[in-house]
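Q: I'd like to ask some things about the structure below.
Readers should treat all values here as calculations from the given coordinates under stated rules, not as data from a laboratory. Worth saying up front: this structure is predicted, and the values here are computed from it rather than measured. Ideal geometry is used to build each Cβ from the backbone, glycine not excepted, and the neighbour counts take in all protein chains shown.
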């Protein structure tokens, strides 16, 4: 029978997530993680696996409290077009408020091009976001609140790209007018002829 763990696993994961988020994947060593989590190397490996496995757990933990929570809340609580609008509004607000940026976007820029394993994890998580936008676009088109001028799948890709761009841009130019203006232009593609005139 295994002994119960003598540390708070949730607190350790939170500490690792914060370290990855602040310093990035490449610059974070297993030793750094152990210090942040208050664990020795053997305890860290036994509880969470190697650095890649721990990063995957941390990224999912981050997304559960951010992107996935936002998707669930908006998709369940708002009409499709309003859900897309609210998602972008929240992204702009969060981008202006938190200088760490988005852990998912940071990882896509920093790690994905150089680490196929992490890149595959990041790509899968980005597909979740693309799927949300595509579902909302299709539902809004069916309801007549979103223009049918562009396929729902293309709108999903566009809004994924918009979110990525807003998050990257905010790291260098965290300006409300800039980010809000870019979001407005993307949202204008949803307008039906009735809304335009």
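Q: From (1) under 10 Å from the mean Cα position of the chain (by Cα); (2) in contact (Cβ under 8 Å) with a residue 40 or more places away in the chain; (3) within 19 Å of residue 55 (Cα to Cα), pick out the condition that doesn't hold for residue 91.
A: (3)
Q: Pick from the stretch 148-172 the residues that are in contact with a helix residue (DSSP H, G or I) (Cβ under 8 Å, 6 or more places away or on another chain) and not in a helix (DSSP H, G or I): which of them is nearest to residue 66 (Cα to Cα)? It would help to see each step written out before you state the result.
A: We begin by selecting, within the stretch 148-172, every residue in contact with a helix residue (DSSP H, G or I) (Cβ under 8 Å, 6 or more places away or on another chain); these are 148, 150, 152-153, 155-160, 162-170.
Those left that are additionally not in a helix (DSSP H, G or I): 148, 150.
On the way: 148: 30, 150: 28 Å.
So, considering only residues that are in contact with a helix residue (DSSP H, G or I) (Cβ under 8 Å, 6 or more places away or on another chain) and not in a helix (DSSP H, G or I), the one nearest to residue 66 (Cα to Cα) is 150.
Q: Still on this model: Take the residues of the stretch 109-147 that are assigned to a loop (DSSP other than H, G, I, E, B), in contact (Cβ under 8 Å) with a residue 40 or more places away in the chain and touching a helix residue (DSSP H, G or I) at 6+ places or on another chain (Cβ under 6 Å): which is nearest to residue 191 (Cα to Cα)? Step through it out loud before you land on a result.
A: Taking the stretch 109-147 and keeping what is assigned to a loop (DSSP other than H, G, I, E, B), we get 111-115, 144-147.
Adding the requirement that they be in contact (Cβ under 8 Å) with a residue 40 or more places away in the chain leaves 111, 114-115, 144-147.
In the following step, the residues that additionally are touching a helix residue (DSSP H, G or I) at 6+ places or on another chain (Cβ under 6 Å) were identified as 111, 145-146.
Numbers: 111: 36, 145: 8, 146: 6 Å.
By that ranking, first place goes to 146.
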